[in-house]
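The values are calculated or read from the model by the stated rules, or taken from the named source; none is laboratory data. Here the structure is a predicted model, which is why all the values come from computation and not from measurement. Using ideal geometry, Cβ is built from the backbone for each residue, glycine included, and neighbour counts are taken over all protein chains shown.
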Amino acid sequence: MKKSPTKKAPKQLGAVSQNYEEIVNAIILKYPSLSDGYQQIARFLTQNPNVVALETINSIARGCHTHPSSLVRFAQLFGFSGFKAMQSVFQTRLATAAPGFRQRVHALESDLAHSNHQGDKGYLNNLVVRDIASLQGLLESVDERALSDAAKLLARAETIYIAGQLRSEPISILLRYLLVMLKRRTVLLDPAGGLAEEMAAILTPKDVLVAISFRHYAKEVVTINEVAIANSTPTIAITDSPLSPIAKNARVLFSIPEDEYSFSRSLAAPMCLAQSLAVATAAALQPDKTAHPRIPTVTGKAKAKRRPDQDQST
C-alpha cells in the first residue's frame, strides 16, 4: 500500500528567529497574504512588542481578540516551534529597548497620582498622561535621517500634495498651513466635491505626496497613495504601523504606534511631527545654515505690512 506523503514541518527562519527586527520584517513581507485573523495578530505584535514580551499568552490573545491557539499557529507559520519561542525574542529585545507606551502611561500615572482627579478633570488628566507618553515615544522612534530625507523632498518638490481625512484631517491642515507659509506650492487633497482621487492622478515624479492615515485607514487616502505610487511620485507616510496600507513603498515612513483604537487616541505626536517636518523644511530652504529656522505667520506678516504706515503717521 502506498504511503500518503507526510506533511513537512514548517521551515525554520534561522537567524530571523533570534532577531526582533528581522521577525518584524518577515511579518511585514508576509502581511498582505495573511488571513484577516492573522493580520490582526500581526498588527498587535508589531505595535505592542513590550506587551508581547511581558504578558501571558492568554492576555496577549485577549489583546488580539483571538484564541491562544491562533497565536501558536501564527508563530509556527514563521518557523517557530510555538508561541513561547517567538515570545523569547521579544523578551530579549526588551532588555535593551526603551519603555513601551503602556509602561510610560503606568509610570506617568504613578507620578501624577497625587494630583489625580475624578470627573471632567480626570478625563483631562488621563489625556495629558497619554499625550506625554506618545510624545516620548515619538522622540525615541523618529531618526535624523528620516527627518532629513523628508525635508529634502518637501523643499525640492514642484508641488506638495497632502492627503489626510477623518481623524487625520487636522494634521493635514496644520501641515498645509506651515508649508504655505514657507512659500511651498501645496495642495490639500480633501474630499470636497469628490475629486481627490482625480486630482491625485496628476501627480508626477517631481511632486511629493504626504499621506496621513491611522487605523481604521481612510479608504480615499489609501487610494490616493496607490495612485501616487503608480505615478512614481515619492511619498511620505505618517501612520501607525509599518503594516499600514500607506506604509508600503513609502519613500519616507514615520510610524507612530498607538496603544488602542478609541476616540481618546492622542494627536499630540503626529501634530508635533508635522511641525518638526515644517521646521526641518525651513532649515533646508534657508541659505544661512547657522541661523535658527523660522516659519512666518499670517499675523506676523500683517504686522510687518502695517509697521511702515504707522511709522509715517507718527
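Checked against the criterion of being at pLDDT below 85 and outside the structural domain of ILE256 (by TED's automatic domain parsing), the candidates LEU112, LEU29 yield just one match: LEU112. The helices (runs of 4 or more DSSP H) located wholly in the stretch 116-222 that include 2 or more residues which are in contact with a Lys or Arg (Cβ under 7 Å, 6 or more places away or on another chain) and outside the structural domain of LEU243 (by TED's automatic domain parsing) occupy 119-141. For the subset of the stretch 172-189 comprising residues that are surrounded by fewer than 16 Cβ atoms within 10 Å (Cβ to Cβ) and more than 17 Å from ARG294 (Cβ to Cβ), which member is farthest from the chain's Cα centre (by Cα)? Step by step, filter the stretch 172-189, then rank; the result is ARG185. Being closer than 14 Å to ILE173 by Cα and without any contact (Cβ under 8 Å) to a residue 60 or more places away in the chain: is that true of THR186 here? When the stated conditions are applied, THR186 passes them.
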